[in-house]
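The values are calculated or read from the model by the stated rules, or taken from the named source; none is laboratory data. The structure displayed is predicted, hence computed values, not measured ones. Methodologically, a virtual Cβ is constructed for each residue, glycine included, from the backbone with ideal geometry; neighbour enumeration extends over all protein chains shown.
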Amino acid sequence: NYHAVTRYILGIMPDYEGLLIDPCIPKDWTEYQVNRKLRGTLFEIHVSNPEGICKGIKSIKVNGSELPTRYIPYRPGDTLRVDVTMGTIE
């Protein structure tokens with residue numbers, strides 16, 4: 001099912017105010033890329049998994065700026081480049 005894959009494996013979980021990123025992928029996936037248009041905002045999402053883990057986020061950047069959270073508010077009319085690096089925080 002499309003919704004199950006995008007929400008619970010790729011970790012792209014939209015709600016009313018924005019998008020939560022929380023991937024849970026097979027550890028042998030090194031990266032993936034997804035483009036989603038939600039509430040007028042185009043999200044260009046690139047997830048890299050350099051440590052080969054199933055779950056955990058080291059950093060999220062939106063248009064080059066690091067976010068302190070996994071939640072990205074919608075910005076209608078904008079394109080947001082979302083770079084997610086999976087890993088453990090030391």
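To keep it simple, each residue is scored yes or no on (1) touching a Pro at 6+ places or on another chain (Cβ under 7 Å); (2) in contact (Cβ under 8 Å) with a residue 12 or more places away in the chain.
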site: 13; (1), (2): no, no
site: 18; (1), (2): yes, yes
site: 57; (1), (2): no, yes
site: 64; (1), (2): no, yes
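Check segment 43-54 and report whether any residue there is outside any strand (DSSP E or B) and under 10 Å from the mean Cα position of the chain (by Cα).
no
Can you find a residue that is small (Gly, Ala, Ser) and under 16 Å from residue 74 (Cα atoms) anywhere in segment 9-27?
Here is the first cut: in segment 9-27, the residues small (Gly, Ala, Ser) are 11, 18.
Now narrow it down to the ones that are under 16 Å from residue 74 (Cα atoms): 18.
Scanning segment 9-27, I find at least one residue that is small (Gly, Ala, Ser) and under 16 Å from residue 74 (Cα atoms), so the answer is yes.
Under the condition of being over 11 Å from the mean Cα position of the chain (by Cα) and closer than 18 Å to residue 41 by Cβ, which residue from segment 1-28 is surrounded by the most Cβ atoms within 10 Å (Cβ to Cβ)?
That would be 18.
Within segment 36-90, which residues are closer than 20 Å to residue 25 by Cβ, buried (at least 16 other Cβ atoms within 10 Å of the Cβ) and either among the polar types (S, T, N, Q) or touching a helix residue (DSSP H, G or I) at 6+ places or on another chain (Cβ under 7 Å) (or both)?
Selection gives 48, 49, 85.
Please go through segment 55-90 and pick out each residue that is in a loop (DSSP other than H, G, I, E, B) and either of a type in the set (Gly, Ala, Ser) or modelled with pLDDT under 95 (or both).
56, 64, 67, 68, 69, 70, 77, 87, 88, 89, 90
Go through (1) under 19 Å from residue 88 (Cβ atoms); (2) part of a loop (DSSP other than H, G, I, E, B) and name the single condition residue 16 misses.
(1)
Does residue 69 satisfy the condition of being of a type in the set (S, T, N, Q) and farther than 19 Å from residue 7 by Cα?
So residue 69 fails the test.
Filter segment 38-51 for residues that are closer than 15 Å to residue 10 by Cα and not acidic (Asp, Glu) and give the result.
43, 45, 46, 47, 48, 49
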